[in-house]
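Asks: Below are the structure tokens for one structure; questions will follow.
Computed from the coordinates by the stated procedures, all read-outs in this text should not be read as laboratory data. Everything quoted here is computed from the prediction, not taken from an experiment. A quick note on method: Cβ atoms are made from the backbone with ideal geometry, for glycine too, and the neighbour counts reach across all protein chains shown.
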Amino acid sequence: MFNRLFGKPKQETNALTTLDKLNETLEMLEKKEKVLLKKASVEVERAKEYSRAKNKRAAIQCLKRKRLYEQQIEQLGNFQLRIHDQMIMLEGAKATTETVDALRTGASAMKAMQKATNIDDVDKTMDEINEQTENMKQIQEALSTPIGAAADFDEDELEAELEELEGAELEEQLLQPATTAPAAPVQVPAGRQQARPVPQKRTAEEDELAELQAEMAL
């Protein structure tokens, strides 16, 4: 367990330490390369001076030393290339390790959450929610049920009464034009007294309509 707890920081520290060491070595090789380049340039200038002084042997010796410096410079370049390659590989491995550790941490967290909330708990919770919802529906239905005098009313009788009201209103609308239409003028001969209109006898339906209207007015 302690290895798992302290293994990651140790590995990360080793990787950082190695990268620092490689950077230091790379800087050292670059400094040596600059020194060798300067020495090679000096040997070239000396060879030119000896050549102007007709000292061929000394000029050739300068060029030989310049060649040796160039060989060392080439070798240092190869060393630097190897170190760059090693640093790239190490940084890539470090990134891969960190990615794997992150994925492992995520998987562990997901596993812990699944263990804390299993399918049985989810089913139990859903059953409780459904039960509470059903109880709430029953409570709402109980609250909406009429009580007292309103509970004694017969829905069928009320619907029948409503149909009678609608039929009476329709009949009244049909009779309205006949009762309100102006009577046509009747030509009465001169010298004759106009007879009084004979009142028409109302039908039973009209009497029932009139009583219904009176009750509604009350």
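Asks: Show which lysines lie in cross-link reach of LYS21 when reach means a straight Cα distance below 16 angstrom and same-chain residues fewer than eight apart are skipped.
Replies: LYS31, LYS94
Asks: Right, next: For region 124-138, just list the computed ³J(HN,Hα) in residue order, Karplus coefficients 6.51, -1.76 and 1.60, θ = phi - 60°, integers in Hz, with x standing in for Gly and Pro.
Replies: Karplus values, whole Hz, x for Gly and Pro: 5, 5, 5, 5, 5, 5, 5, 5, 5, 5, 5, 4, 5, 4, 5.
Asks: For LYS38, which aspartates and glutamates qualify as cross-link partners when the Cα separation must be under 16 Å and same-chain residues fewer than eight apart are set aside?
Replies: GLU30, GLU70, GLU74
Asks: Of LYS34/LYS64; LYS32/LYS56; LYS34/LYS54, which sit over 23 Å apart, Cα to Cα?
Replies: Distance filter (> 23 Å) returns LYS32/LYS56; LYS34/LYS54.
Asks: While we're looking at this one, here's another question. So if each residue of separation counts as 0.36 nm, and I subtract the Cα-Cα distance between LYS38 and GLU131, what length gain in nm does that give?
Replies: 24.5 nm
Asks: Still on this structure, I have one more. Compute the FRET efficiency between GLU206 and GLU157 as 1/(1 + (r/R0)^6), taking r as their Cβ-Cβ distance and R0 = 35 Å, and round to the nearest 0.05.
Replies: 0.90
Asks: Extension gain THR25-LYS48, at 0.36 nm per residue separation less the Cα-Cα distance, in nm?
Replies: Fully extending the segment from THR25 to LYS48 adds 4.8 nm.
Asks: Modelled label-to-label distance, ALA107 and GLU91, 7 Å Cα→beta-carbon offset: nm?
Replies: With each label placed 7 Å out from Cα toward Cβ, I get 2.8 nm.
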